[in-house]
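K.L.:
Provided herewith is a single structure, encoded as C-alpha cells, for subsequent inquiry.
The values are calculated or read from the model by the stated rules, or taken from the named source; none is laboratory data. The model shown is predicted, which means the values in this text are computed figures rather than measured ones. Note that we place each Cβ from the backbone using ideal geometry, even for glycine, and neighbour counts take in every protein chain shown. The protein model used for the area step is the full one, side chains on, heavy atoms only, and it has no ligands, DNA or RNA in it. Shrake-Rupley method; radii C 1.70, N 1.55, O 1.52, S 1.80 Å.
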Amino acid sequence: MPNRFIIVVFCCLIALKAVSQSYPRVVRNQAVFWSELNLVYKTAGRWSFQLDHQYRRQAEYNNGRDLNVFRYPLLQVFRPWVSYQLSKPVRLSLSPIGLWWNWGRVSSYQPTTFFQEVRVIPQLQITKPLGDGELIQRFRTELRWPSRTDTLANTYVFLSDGESRQVLADRFNVRLRAMARWINPIFKRSSGGESPWYSHLSIEPMMVVSNSGARFDQNRTYLALGRKLRENLRVELGYLNQFSLQTNTAEQLRIARFNHALHVYVYLENRRPSKSDSDSGPE
C-alpha cells in the first residue's frame with residue numbers, strides 16, 4: 001500500500017507543476033473504444049512469449065457530444081514480448097520492437113491526421129498477495145521513435161519521410177510508466193471453490209523524458225469486471241479513463257483532456273504446465 005501512495009502523490013505533484021503555465025485552461029472530453037488481444041505461449045520453464053494486438057476507435061472530437069465510439073480509427077498496435085520469471089513474485093519482460101499506427105481527429109472541419117511509431121519496452125513486474133487477490137506493481141520504460149504527423153494526402157513511408165536523421169534524434173523520447181493493479185475474485189461460490197469472476201482496478205501515471213526535460217504526460221485509471229471462461233482463457237469488460245495535460249501553442253490553451261474508453265480485453269495462453277505466471281492484464 002505505501003508504494004501505491006507514493007505513486008499517487010508523485011503523479012499529483014507532477015500534475016500541479018504541469019498546470020502552472022500562463023495559458024488559460026480548458027477541459028475537453030472524448031468517447032473512445034479500446035480493445036486488446038493477448039496471445040501467450042508458456043514454456044515448461046521460466047520463459048514465456050507473448051503477442052498483443054491493440055485496436056482503438058474514437059467518436060467525433062466535439063467535447064463528448066458524440067458517443068459513437070466506433071466512428072473513426074484511433075490506433076492499432078502489434079507488440080511482441082519475451083518474459084522471464086526471475087522468481088515467484090518478479091518477472092522481467094522485453095518488447096524488442098512494437099509497431100504503432102495512430103490516427104488523430106482534431107475537429108470535424110480538419111482532415112484526419114496520421115503518424116507511426118516504433119517502441120522498445122523493458123519492463124519489471126512484481127506481484128504480491130493482497131486480500132483474496134493480488135497486487136501487481138509494474139515499472140516500464142518506453143523508448144519511442146515517432147514519425148512526423150501527416151494528413152494522408154500523399155504516400156507515406158514508415159518512419160522515413162525524407163528526414164531519417166531527425167527521426168533517430170530529435171523525435172526520440174522516453175516514457176516512464178509506473179502502475180499499481182489490484183485483481184480480486186468476486187461472487188464467491190457457496191461450495192468454497194474459486195470463483196471465475198474477478199474485479200480489476202489499476203492506476204498508471206506516466207512521464208515523458210525528452211530534450212525539454214521531464215514532465216507529466218498522462219494518467220490512466222481502469223475499472224473492469226473479468227471472467228475466466230477456461231483455465232487458459234479470460235475476458236474483461238471495463239471503463240478506462242485517460243487523463244492528459246496538453247499545450248496548444250497555436251490556440252494558446254492548456255488543455256485538460258479526458259478520454260472515456262469502453263475497454264474489451266481477451267487473454268489466451270497455451271495449457272502447458274509452466275513456472276511462468278500468467279500475464280496480469282491489459283496494456
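K.L.:
State which residue pairs qualify: first residue closer than 15 Å to ILE183 by Cα and inside the stretch 260-283, second residue open to solvent by 60 Å² or more (accessible area, probe 1.4 Å) in any location, beta carbons under 9 Å apart, and separation of 6 or more residues or different chains.
P.N.:
These pairs meet every condition: TYR265/LEU37; TYR265/LEU237; TYR267/LEU37; TYR267/LEU39; ASP277/LYS88; SER280/GLU134.
K.L.:
Let me ask something else about it. Could we say that SER48 is assigned to a strand (DSSP E or B), polar (S, T, N, Q) and more than 29 Å from HIS260 (Cβ to Cβ) here?
P.N.:
Values: assigned to a strand (DSSP E or B): yes; polar (S, T, N, Q): yes; more than 29 Å from HIS260 (Cβ to Cβ): yes.
The answer is yes for SER48.
K.L.:
For the stretch 263-283, give me the residue count where each residue is open to solvent by 10 Å² or more (accessible area, probe 1.4 Å) and part of a strand (DSSP E or B).
P.N.:
Result for the stretch 263-283: 4.
K.L.:
Here is a further query. Could you check the stretch 54-173 for strands (runs of 3 or more DSSP E) lying wholly inside it with 1 or more residues that are open to solvent by less than 70 Å² (accessible area, probe 1.4 Å), at pLDDT 90 or above and under 21 Å from ALA31 (Cβ atoms)?
P.N.:
On the way: elements: 72-85, 90-104, 113-130, 133-146.
Filter on the stretch 54-173 gives 72-85, 90-104.
K.L.:
Any chance the stretch 243-259 includes a residue that's surrounded by fewer than 18 Cβ atoms within 10 Å (Cβ to Cβ), under 20 Å from ALA178 (Cα atoms), of a type outside the set (Phe, Trp, Tyr) and modelled with pLDDT of 95 or more?
P.N.:
No, because not a single residue in the stretch 243-259 is surrounded by fewer than 18 Cβ atoms within 10 Å (Cβ to Cβ), under 20 Å from ALA178 (Cα atoms), of a type outside the set (Phe, Trp, Tyr) and modelled with pLDDT of 95 or more.
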